[in-house]
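Remarks on the structure that follows.
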Amino acid sequence: MAAVGSMRSGSPAFGLGHLLTLAILALASDACKEVVLQVPSELPAEKFVGRVNLMDCLKSADIVHLSDPDFQVLEDGSVYTTSSVVLSSGQRSFTIWLFSTDSQEEREISVHLEGPVEVLNKRPHTEKVLSRAKRRWAPIPCSMLENSLGPFPLFLQQIQSDTAQNYTIYYSIRGPGVDKEPLNLFYVERDTGNLYCTGRVDREQYESFELTAFATTPDGYTPEYPLPLLIKIEDENDNYPIFTQKLYSFTVQENSRIGSIVGEVCATDLDEPDTMHTRLRYSILEQSPSPPMLFTMHPSTGVITTTSAQLDRELIDKYQLLIKVQDMDGQYFGLHTTAKCIITIEDVNDNLPTFTRTTYVTSVEENTVNVEILRLTVQDKDLVNSPNWRANYTILKGNENGNFKIVTDPKTNEGILCVIKPLDYEERQQVTLQIGVVNEAPYTREASSKSPMSTATVTVTVTNQDEGPECIPPMQTVRIQENVPVGTRNDGYKAYDPETRSSSGIRYRKLSDPRGWVTVNEDSGSITIFRALDREAETVRNGIYNITVLALDADGRSCTGTLGIILEDVNDNGPFIPKQTVVICKATMSSAEIVAVDLDDPVNGPPFDFSLESSDSEVQRMWRLTRINDTAARLSYQNDPSFGSYAVPIRVTDRLGLSSVTTLNVLVCDCITESDCTLRSGERTGYADVRLGPWAILAILLGIALLFCILFTLVCSVSRASKQQKILPDDLAQQNLIVSNTEAPGDDKVYSTNGLTTQTMGASGQTAFTTMGTGVKSGGQETIEMVKGGQQTLDSRRGAGYHHHTLDPCRGGHVEVDNYRHTYSEWYNFIQPRLGDETIRGHTLIKN
C-alpha cells in the first residue's frame with residue numbers, strides 16, 4: 001500500500017488551484033500538536049522514522065499532506081523516509097496537514113526531528129537559549145526508537161524549570177530504567193537537565209518507561225512538583241511474521257465446487273499490534289504440480305479455497321503449495337516468511353466399475369453344488385480398497401430358480417460365480433445370466449447418458465452326468481383294503497432312469513417296514529402282503545402305513561423313496577364305551593352321560609344305537625337309556641336306588657349293525673362332585689375298593705415302630721424296678737426300729753428261720769415282693785435296723801458266719817436274698833404276736 005503522503009501529493013487531482021487551497025489551509029488551520037522524534041543524523045531511504053497519532057487530531061481525515069517530500073506517512077501514522085536524509089544542523093521539521101471533506105475541518109501536526117546531542121551542541125548559543133526559554137516544567141511527550149544504534153549515551157530531551165532563573169536548580173530522575181530494572185538505562189545531567197539513554201531498548205520487552213523528574217536547590221528546597229515523564233519506545237519492524245506451523249496438511253474432495261474451503265493458515269508477529277508492522281498479508285508463491293492454479297488464499301484471513309471444479313484424484317492426488325506471509329500489509333519492504341502446505345485430494349466415487357469383458361462362457365456338470373464356475377473382473381479408477389473401489393455384483397436375469405450366486409473376492413475385487421443348487425441336464429442344457437456391478441459407495445456424478453451400472457452376459461452350459469436312478473416323486477402311494485388275504489400282490493414303488501425315463505434294470509430293496517407287513521419284489525418293486533393289515537394299528541397314521549424303498553441301478557447308484565400304503569377301512573371294530581366307571585351323585589344328579597367311540601372310519605361308525613343288554617328284569621326296572629346324539633346317550637336311574645355299586649351292561653351298535661357290549665360300573669353315591677365320591681367311595685357307596693399308597697404304608701410302619709418303642713420302654717422300666725426293691729416300706733406304721741441291746745439268745749434256744757416278705761414301692765409305682773430268710777443259730781446273733789428314709793441293713797450271723805445285707809432302693813444296689821420262700825400267712829403269724837410286745841429279744845420298739 002502506498003504511503004498516504006505520497007499518494008495524495010502524486011495524484012492528478014492535485015492541480016494548481018488545489019495546491020493553492022492547501023496553502024491557504026496551511027495558513028488558516030489550527031495547530032493540533034507538536035511531535036519530537038529522536039533520530040540518527042543520517043537516515044537512509046525507506047527508513048522508519050517514528051509514528052504520529054493522526055486520530056488524536058482528526059478522526060475523519062481523508063486528505064493528508066506533508067510539507068517535506070523527503071518523508072511519507074502511512075494510514076496508521078508511521079513516518080518513513082522516501083530518500084536519504086542528513087540532519088546537518090541536527091534538526092529538521094515538517095508539517096502534516098489533515099483535512100476532512102465531510103466536516104470541512106483541518107488540522108496540522110508539527111513534527112520535529114532531533115539528531116544526536118553532539119550535533120545540537122554545535123548550534124549557536126543564542127539558539128539554544130531561545131530553545132530553553134520555550135520549555136516549561138510540564139510533561140513533554142518523548143519517544144525513542146527501539147534498537148537505536150546510538151551513539152550512546154543518546155540525548156532524548158531536556159527538562160527545564162522556570163525557577164532556574166532565580167535559583168540554582170539540580171535535576172534528577174527516578175523510576176524503571178533508572179533505579180529500577182533495567183538499572184541505569186537513563187540518566188539526567190544534574191545541572192543542565194539533559195536526559196540521556198545509555199543503550200538499546202527492545203520494544204517487545206519494554207513498551208514504555210514512566211519516569212519521575214525532580215527539580216531541587218542545593219540546600220534541598222523543591223520549588224517544583226515532581227514531573228512525570230513518559231518515554232515511549234517507538235516500534236521498529238524488527239520481527240518477522242511467523243507461521244504457526246512449518247508444514248500444513250489439508251484434504252479436499254475431488255470435484256469440489258469453486259470456492260470450497262480447503263483450510264486456513266495463521267501467522268503471528270511480535271511487533272506492536274494494530275500497526276503496519278503487524279498488518280499481515282498472505283499469498284501463494286507457487287503450486288506443485290505446476291499451473292493451472294487450482295487454489296487461492298485470502299490475503300487477510302489465510303483461508304485457502306479452490307478456484308476450479310476440475311480437481312481429479314485419478315490424475316493428481318496431492319498438491320504442494322509454497323505460501324508467504326508479509327507484514328507492512330504486503331508492501332515490498334515488509335518482512336516475510338514462507339511455509340509449505342500439502343493438500344491431499346480425497347477420493348469420491350466418480351468412476352464406475354466396468355467389466356473387462358461384456359460376455360463370458362463357462363460350463364458346469366449337472367447335480368454339482370457349491371462349486372466356483374467363473375471369475376469376472378472389473379476396472380475401477382477410484383482409490384483401491386475403498387468403498388468407492390470395492391464392487392458389488394448382482395445377477396439381474398436368468399437365476400429365477402436360485403441355482404447361482406455371485407460374491408466379491410475382497411482381495412482382487414473379482415466376482416465369483418458359484419452354483420448353489422444342482423442343475424438338471426434333462427431340464428435345461430444351457431443357462432444365460434445377466435450380471436451387473438456397482439460400488440459399495442453411491443455414485444456421485446450427475447445423471448448422464450451413461451448407465452450407472454455396467455453389465456455382462458454369462459452363458460453357462462450344463463453337461464450331462466450318468467446320475468443313476470431317480471426316485472421321483474419321493475413319496476408314492478397305493479391303496480389296499482385292510483384285512484386282505486395274506487399273499488395278495490399290489491403295485492409298489494417305481495424309480496426311473498433319467499436318461500431313458502424307464503424303470504428297466506432297476507432293482508429294489510426294502511429299507512424299513514415297521515410291522516413287517518409286506519415284502520418288496522426286487523425286480524419290479526411290487527409289494528406282497530406278508531401279514532394281515534390292520535388300519536387301527538399304532539404305526540398307521542391317518543390311515544397310511546409307510547415303508548422305505550431303496551432303488552439301485554446296475555452300477556450301484558441308488559435313490560431312496562417312500563411308499564405310502566393307504567389302508568381302506570373295513571368295518572371290523574364294533575363301537576365301545578371307553579369310560580367304564582360312571583359316578584352318579586344322587587344329591588345333585590339323577591343320570592350320567594356315556595360316550596361311545598368306533599376305531600373304524602366314520603363311514604363305518606356313528607350314529608350309534610344304545611340299549612341295555614341284560615335279561616335281568618331288575619336292571620331293566622332300575623335303569624333307562626336316552627339317546628343324546630350320534631355318539632352319546634344318557635343313563636338315568638329309576639325307583640330311587642340305594643347307595644352302592646351297580647353293574648350295567650350296555651350294547652352299542654354302529655350304522656352297519658356291528659356292535660359290542662360294555663359293562664359299566666355305576667356308582668350311586670352321596671356326593672356333590674364325582675371326585676368327592678371317588679375319594680370316599682367306601683363311605684358313600686358301601687363298597688370300598690381300598691388301595692394304600694406308599695405314604696399310607698409308610699405312616700402305618702412308623703406307627704408300628706412307635707408302639708414297639710413304647711412297649712420296650714415299659715419292659716425296661718419294669719425290669720429296673722424289680723432290681724431296686726425295698727426291704728420294708730418307708731412309711732410302714734411310721735415307726736423306727738432302733739437297736740438297744742445286743743443280747744444273744746441262749747445256747748439252748750434255736751430259732752427256726754422264717755421268711756420275711758417285704759414290699760417295696762419303686763419309683764415307677766410298681767410293687768415287688770421279696771422274701772428274705774433270717775435266722776439265728778446257737779451262738780449266733782441277728783440285728784435288724786430300720787430307719788425311715790434311710791438305708792436298710794440286714795445283719796445275720798449264723799454260727800460263726802456273719803452276713804451283711806444292704807438295700808438301697810434309690811441307687812439300685814445289690815440285694816442278697818435267701819432261697820427260702822414263705823406264704824403270707826406264715827409271715828403274718830410270725831410277726832403279729834411280736835408287734836404287740838414292747839421288747840423283742842433285747843430290741844426296743846419305739847412308736848412314733
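The values are calculated or read from the model by the stated rules, or taken from the named source; none is laboratory data. Worth saying up front: this structure is predicted, and the values here are computed from it rather than measured. Positions of Cβ are generated from backbone atoms using ideal geometry, with glycine treated the same way; all protein chains shown enter the neighbour counts. For the accessible areas, the whole protein counts, side chains as well, though only heavy atoms, and no ligand, DNA or RNA atoms are used. Shrake-Rupley method; radii C 1.70, N 1.55, O 1.52, S 1.80 Å.
Seen through its C-alpha gyration tensor, with square-root eigenvalues sorted a ≥ b ≥ c, region 475-568 comes out prolate because a/c lies at 1.5 or above while a/b is bigger than b/c. In sequence order, region 467-483 has phi-based couplings of 9, x, x, 10, 9, 10, x, x, 10, 10, 10, 9, 10, 9, 6, 5, 6 Hz under the Karplus curve 6.51 cos²θ - 1.76 cosθ + 1.60, θ = phi - 60°, and Gly or Pro positions carry x. Computed over all pairs of different Cα atoms, the Kirkwood value for the hydrodynamic radius of region 364-453 is 14.6 Å. Highest-first packing order for the peptide set 308-314, 640-646 is 308-314, 640-646, based on the mean count of other beta carbon atoms within 10 Å.
Listed peptides 420-426, 218-224 appear in the order 420-426, 218-224 once ranked by packing, highest mean of other Cβ atoms within 10 Å at the front. Counting 0.36 nm for each residue step from Tyr167 to Asn367 and taking away their Cα separation leaves a gain of 58.9 nm. Between the beta carbons of Asn571 and Ile700, assuming R0 = 51 Å, the FRET efficiency works out to 0.45 to the nearest 0.05. Once both labels are modelled 7 Å past Cα along the beta-carbon direction, what's the Tyr332-Thr560 spacing in nm? The answer from the label model is 10.0 nm.
Placing a pseudo-label 7 Å from each Cα along the Cα-to-Cβ vector at Glu264 and Ile416 gives an inter-label distance of 5.1 nm. With a threshold of 28 Å on the Cα-Cα distance, the over-threshold entries among Lys421/Lys510; Lys232/Lys340; Lys180/Lys232; Lys47/Lys232; Lys381/Lys405; Lys59/Lys180 are Lys421/Lys510; Lys232/Lys340; Lys59/Lys180.
Please identify which residues in region 262-278 have an amide N closer than 14 Å to a label point set 7 Å out from the Cα of Glu346, following the Cα→Cβ vector. Of the residues in region 262-278, 262-264 have backbone N under 14 Å from the label point off Glu346. The packing ranking of peptides 588-600, 82-94, highest mean first, is 588-600, 82-94, where packing means the average number of other beta carbon atoms within 10 angstrom of each residue. Can you send over the solvent-accessible area of Arg279, 1.4 Å probe, protein chains only, in Å² to the nearest 10? Spelled out: Arg279, probe radius 1.4 Å, area about 90 Å².
Based on the Cβ-Cβ distance from Gln253 to Ser60, what FRET efficiency comes out when R0 is 41 Å, to the nearest 0.05? Efficiency for this residue pair is about 0.30. Note on Asn392 and Thr581: the model spin-label points, each 7 Å out from Cα along the C-beta direction, lie 7.1 nm apart.
Amide H contacts of Phe71 (H built 1.01 Å from N, in plane; Pro and chain starts excluded): Thr82 sit under 5 Å, all sequence-distant by 5 or more or on other chains.
Stretching the chain fully between Val407 and Ser308 yields a gain of 31.7 nm (0.36 nm per residue, less the alpha carbon separation).
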